[in-house]
Structure formats: structure tokens, C-alpha cells
Amino acid sequence: MTDVTTTANASTVHAVTAATDGAMRALGRALAGLSRPGDLLILSGPLGAGKTTLTQGLGRGLGVRGSVTSPTFVISRIHPSLVGGPSLVHVDAYRLGGPDEIDDIDLDMTLPDSVTVVEWGEGVAEGLSDDRLEIRIERHPDDGRTVHLTPVGHRWAGVALPTSADIADEGATGVPDENSEG
């Protein structure tokens, strides 16, 4: 499948194909290369779509400490940088009731100096920043995914987002899988 770029509501929607978990992590690494302190990424998609898998690649690309796992029961985890870059703030909004509850975890305190990822953030986290990258993941019956990247605000205007050709499956390149043994 080739990448598709469409325009909807004055925003460009860029679609990337990720055939495997390794490709999802590679997409996360590619996004890490574009990320800077203050960035907000809002992830949406059904259970098992690959939101945490994408965030694992982002964490690896940012060079953060700790294994990136779903923060479903703790709501939020902070992964400090090991390489002098921004920390990764990883939030799971699945159990939150709405925008008022996301305010309760004080993301406005960490947002300026971190890259913040909010899983299940659609309809909940948009008020955190006028500038954000909205990422919607569709998982297909063959386990492949289409990842829709929608840049919002001046920060993301004109940023060359990754394409399917930019992401190599980590398993195919010899880079160890975050969850692999050994």
C-alpha cells in the first residue's frame, strides 16, 4: 500500500502503512527524530491497535530510561532521558472521564520540557496544546496497521512526516524488539 495524504478540515492527514509491530516501533523512532520538548502526541485506536508499541519506539528513539509499557493502571509514567534530551511522559487516558480529569494529573507542569504521549487521548487531551500530532491507528485483520498522522497547529506545519518507506521493520533489520528475550 502506498502512503496517502488527504486534507480534511484544513488539516493534512498523512497515512502510513505499518505491517508489523517492528514497523510500528520504527515509526515511533522516526517520530522521535522529529520530536522536541513541548510536543504533544495524541494516540487513538481500538484495543490492541499498537498505541503502546508505537510509544515503545518513540521511547527508544528519544533514548529514555525504563521499559515503556502501558500505563493503564498508573495513568501516567515519566521516562527521563538518558541522552540529555526531553523526557517521555506516557499517559493512558482510558480510565479518565474527560478533559477535567486529565487536568488533575498536572500535565501542564511537564508538557513544556517533555514529549507527552496520551493514549486514548482523542476527545480528552486536545485542550492541552494548540499544537499537537494526532495519531489514529487502524488495525487490519492481517495485523497490519494504517496509521493516520494529523498535524495540528503551527509547530507541525510543514514538518515532513515519516512515510511507509521511511520505516523498516525492526525485526528485519536486526534491531532487537523491545519485548524480545536475550
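Read the figures in this text as sums done on the coordinates, not as results from a lab. Just so we're clear, the structure is a prediction, and the values are computed from it rather than from any experiment. Heads up, the Cβs are rebuilt from the backbone with ideal geometry, glycines too, and the neighbour counts pull from every protein chain shown.
Annotation for the range 49-128: trypsin sites (Lys or Arg not before Pro) lying in DSSP loop with at most 16 further Cβ atoms inside 10 Å of their Cβ are Arg65, Arg95.
Counting Lys and Arg as +1 and Asp and Glu as -1 over every other residue whose Cβ lies under 15 Å from the Cβ of Gly85, the net charge comes to +2. Run through the DSSP bridge list for the range 4-158 and note the antiparallel percent, rounded to the nearest 5. Of the beta bridges lying entirely in the range 4-158, close to 60 percent run antiparallel. Placing unit charges on the Cβ atoms of the charged side chains and taking the dipole of the range 4-158 about its Cα centre, the candidate lying farthest along the positive direction among Thr17, Thr116, Ile135 is Thr17.
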